[in-house]
Amino acid sequence: MPVIISVVLILTIAIQLLYHSQQEPVVAAADSLQLPMSTRTYVLSSLGEPIAASKILNLWLQAFDNQPGVSISFRQLDYTRLTKWLDTILKLDPKGRYPMLVAARVYGSVQDRERQRIMMDYIFYKFNENPHRHWRWLAHATIVAKHELKDMELALKYANALADKAAGNSIPYWARDMKIIVLEDMGEVEAAKILVGGLIASGEITDPYEITFLEKKIQVLESKLSDSQHNVEESTKNIQ
Amino acid sequence: MLTHIKTISKFTIIEAMRNRLVILTLLVMGISFGMIEFIGDLSITERRVTQVAILAAFLRLSAMVIITMFVVTSTVRELHDKTLEMILAMSVRRSSYYFGKLIGFSYVVVLVSILFMFMLLLYAPAEQVLIWGLSLMLEMMLVVAFALVMLFSFNQIPSALTGVFVLYAASRTATSIYLMSKYPIIPHDTLAQEFMDGFIEMLTWLLPDLHRYTQTEWLAYGTAQWSDLPPLAVQTFIYLLLLSSLSLFDFHRKNF
């Protein structure tokens with residue numbers, strides 16, 4: 001082998017190292033979340049593989065807070081854009097549950113009330129599109145609204161939707177009956193009792209477990225109601 | 001004629017074995033297994049669906065690349081090494097050479113598809129994998145025929161490979177492009193746009209609708225039915241005849 005080849009090889013390695021040392025150092029910078037492209041663009045770029053594209057986008061979006069060399073919190077993400085990404089992923093794979101799960105349990109668990117509301121509203125919007133598929137996430141949103149956001153009106157709105165759109169037996173009774181619990185927690189014991197009685201009387205409920213649950217609920221509500229009436233009478237007597 | 005076809009197809013299979021095609025396929029399976037297990041660890045939910053969706057898409061694309069590379073490189077080498085001229089100097093008909101090659105490559109398609117099916121069995125139900133695998137075989141048969149048309153036309157590896165990849169991508173996405181042009185976000189009525197719309201529609205008529213083949217959804221959600229296969233088999237048969245006629249037309253035109 002000619003010596004010149006070895007010399008050039010060593011020289012080119014040295015030049016490469018020298019060239020690299022002259023480059024600007026790479027600094028980690030957080031990229032903001034851009035708007036997604038149209039669903040068709042992802043279908044085309046994946047050569048007609050929308051489901052595979054949606055799964056890859058799921059993982060990419062899930063890892064967006066961990067960019068090379070930098071970690072950003074979910075609170076720094078633009079949540080309106082985030083919902084557009086989730087929507088795109090769902091359009092690519094309508095049977096997928098991943099986007100709704102991260103909406104409820106990952107992005108919806110952020111310690112930022114405003115962002116939580118955006119995510120819960122997104123879940124509510126998706127539920128209205130397809131109650132049968134997305135009811136479980138709205139049930140979660142109802143709990144978040146009640147316990148984390150402490151917004152009983154919002155919780156009641158979601159619980160109402162769960163009760164109203166409960167066609168057939170596709171939504172279990174514990175989710176449909178969340179409205180009763182929310183009303184009870186709001187102090188609307190009378191309204192809750194009427195609702196429970198109405199549900200039983202309507203004949204729509206055939207599940208024996210649900211009927212037992214509702215009957216027990218009536219007993220609890222009646223005792224609460226009589227307790228509160230008793231308290232009122234006691235305090236009236238004391239005043240007199 | 002049948003003896004010639006049998007001999008040529010036999011030597012095509014021997015070449016595939018000597019080219020370490022099986023080892024390459026196993027290597028792809030090994031890499032994809034590592035990748036898919038890693039992806040599975042990243043998933044919060046739908047672990048298996050995520051794994052199988054990405055794996056199926058990856059294996060389908062890998063099968064297309066492996067088979068195209070093998071068909072194009074092996075046949076172009078025969079053209080350049082004058083092996084083809086030597087074969088044709090004997091009493092072998094050009095159509096015998098073509099069909100011998102087509103059948104030989106079909107065996108390779110079956111082999112690669114079966115290996116990939118074994119891997120998918122780790123992640124999806126056997127019946128769905130079987131339907132998916134049979135559909136992959138039909139799809140790859142078309143890829144073989146595409147490759148033979150391209151290499152007889154171009155005689156060069158880069159041009160033939162580019163031709164196959166473009167045709168494959170167009171066949172996979174023609175329907176999506178057509179829907180985009182038919183239902184645009186902003187309506188248009190310019191002559192140029194109407195011409196393009198017409199051209200795209202013509203493509204959907206001329207190209208096989210590959211998006212109906214080997215669907216990832218079958219494995220991800222178990223939606224495949226045996227009744228999905230006959231229309232694909234009919235389309236494959238029709239298009240194989242078309243591509244074979246095209247190849248033989250070009251093959252007979254050439255002087256060696």
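Overview of values
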item	result
Residues (of a type in the set (Lys, Arg) and closer than 20 Å to B:PRO184 by Cβ) located in the range A:35-59	A:ARG40
Within the range A:69-83, considering residues that are more than 25 Å from A:GLY48 (Cα to Cα) and outside any loop (DSSP other than H, G, I, E, B), the one nearest to the other protein chains (Cβ to nearest Cβ)	A:PHE74
Long-range neighbours under 7 Å by Cβ, at least six apart or interchain, first residue under 14 Å from A:VAL43 (Cβ atoms) within the range B:204-216, second among the charged types (D, E, K, R)	B:LEU210/B:GLU139; B:LEU210/B:ARG172; B:HIS211/B:ARG172; B:THR216/A:GLU49
Of all residues in the range B:18-62 being farther than 23 Å from B:THR214 by Cβ and among the aliphatic types (A, V, I, L, M), the one that is farthest from the other protein chains (Cβ to nearest Cβ)	B:ILE23
Evaluation of B:LEU179 against (1) hydrophobic (A, V, I, L, M, F, W, C); (2) at pLDDT 90 or above; (3) under 27 Å from B:GLN225 (Cα atoms) (one fails), failing number	(2)
Filtered residue count, the range B:203-240, keeping only those that are over 19 Å from B:LEU120 (Cβ atoms) and small (Gly, Ala, Ser)	2
Residues being under 28 Å from A:GLU49 (Cβ atoms), surrounded by fewer than 19 Cβ atoms within 10 Å (Cβ to Cβ) and more than 13 Å from chain B (Cβ to nearest Cβ) - total across the range A:93-132	4
Selected residue (only one of B:SER74, B:SER91, B:SER95 is of a type in the set (S, T, N, Q), outside any helix (DSSP H, G or I) and away from chain A (no Cβ under 14 Å))	B:SER91
Only listed residue being over 14 Å from the mean Cα position of the chain (by Cα) and either within 14 Å of chain B (Cβ to nearest Cβ) or not in a helix (DSSP H, G or I) (or both), chosen from A:LEU86, A:LEU61	A:LEU61
Residue, nearest to the other protein chains (Cβ to nearest Cβ), within the range B:207-242, restricted to residues that are in a helix (DSSP H, G or I), among the β-branched types (Val, Ile, Thr) and crowded, with 16+ Cβ neighbours inside 10 Å	B:THR216
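So that you can scan it fast, the table gives a plain yes or no per residue for (1) within 30 Å of B:MET86 (Cα to Cα); (2) touching a residue at least 40 places away in the same chain (Cβ under 8 Å):
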position: B:ASN19; (1), (2): yes, yes
position: B:ILE36; (1), (2): no, yes
position: B:GLU46; (1), (2): no, no
position: B:THR50; (1), (2): no, no
position: B:PHE58; (1), (2): no, no
position: B:VAL65; (1), (2): yes, no
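The values are calculated or read from the model by the stated rules, or taken from the named source; none is laboratory data. Just so it is clear, the structure is predicted and the values come from calculations on it, not from any experiment. Because the Cβ atoms are built from the backbone with ideal geometry, glycine has one as well, and the counts that use them run over all protein chains shown.
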